[in-house]
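Here is the structure we will look at.
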Amino acid sequence: MANSSSHSLPSAPDLTETELEAVDRSDVTEYSPETDTYRTSFSGDAESVWVAVLSTVAVVSETKPTELPPLYSVMDPTALEDLMEPSGLGPSRSDISVSFAYVDYLVTVRNYGVITVQPR
């Protein structure tokens with residue numbers, strides 16, 4: 001069904017399939033059996049938040065990032081980048097977190113550089 005509204009889902013920033021598959025977070029993703037939670041860190045200065053999310057969910061789900069549904073099907077990757085962008089305000093800055101359902105997981109991204117993934 002065509003969407004006649006002027007609002008549409010945003011496209012993800014450009015990244016080739018090869019570049020996306022080259023991102024491997026398996027060495028930096030930790031699992032806590034007590035909470036059934038996977039945790040990893042990211043640097044908003046050094047990498048894209050949405051790529052870190054996709055690659056982390058790929059590790060957890062044991063699939064390739066390119067085989068996952070587009071992140072923009074559940075949230076705006078550009079808005080996520082904007083929210084998590086370092087503001088330069090230092091440690092007094094309020095903590096910001098964004099949680100959303102993606103594939104079979106609850107993903108939480110925190111502005112201090114942590115992503116958690118829990119099975120739903």
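The values are calculated or read from the model by the stated rules, or taken from the named source; none is laboratory data. Keep in mind the model is a prediction, meaning the values are calculated, not measured. Note: ideal-geometry Cβ built from the backbone for every residue, glycine included; neighbour counts use all protein chains shown.
Observations on the structure shown:
- Within region 28-70, the set of residues being buried (at least 21 other Cβ atoms within 10 Å of the Cβ), out of contact with any Asp or Glu (no Cβ under 9 Å at 6 or more places or on another chain) and farther than 13 Å from residue 118 by Cβ comprises 42, 52, 53, 54.
- Pairs with Cβ under 6 Å, 6+ apart, first in region 93-120 and in contact (Cβ under 8 Å) with a residue 40 or more places away in the chain, second polar (S, T, N, Q) and assigned to a strand (DSSP E or B): 113/41; 114/41; 115/40; 116/37; 116/108; 118/37
- Some residue of region 11-31 being among the hydroxyl-bearing types (Ser, Thr, Tyr) and either modelled with pLDDT of 70 or more or in a strand (DSSP E or B) (or both): yes
Conditions tested, residue by residue: (1) more than 17 Å from residue 29 (Cβ to Cβ); (2) of a type outside the set (S, T, N, Q); (3) outside any strand (DSSP E or B).
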site: 46; (1), (2), (3): no, yes, yes
site: 51; (1), (2), (3): no, yes, yes
site: 69; (1), (2), (3): yes, yes, yes
site: 78; (1), (2), (3): yes, no, yes
site: 106; (1), (2), (3): no, yes, no
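- Of all residues in region 80-95, those satisfying the criterion of being closer than 15 Å to residue 53 by Cβ and at pLDDT below 90 are 81, 82, 83, 84, 85.
- The residues in region 34-84 that are under 13 Å from the mean Cα position of the chain (by Cα) and basic (Lys, Arg) can be counted, and the count is 1.
- Qualifying positions in region 46-78 - touching a residue at least 40 places away in the same chain (Cβ under 8 Å), under 18 Å from residue 97 (Cβ atoms) and not β-branched (Val, Ile, Thr): 52, 71, 76, 77
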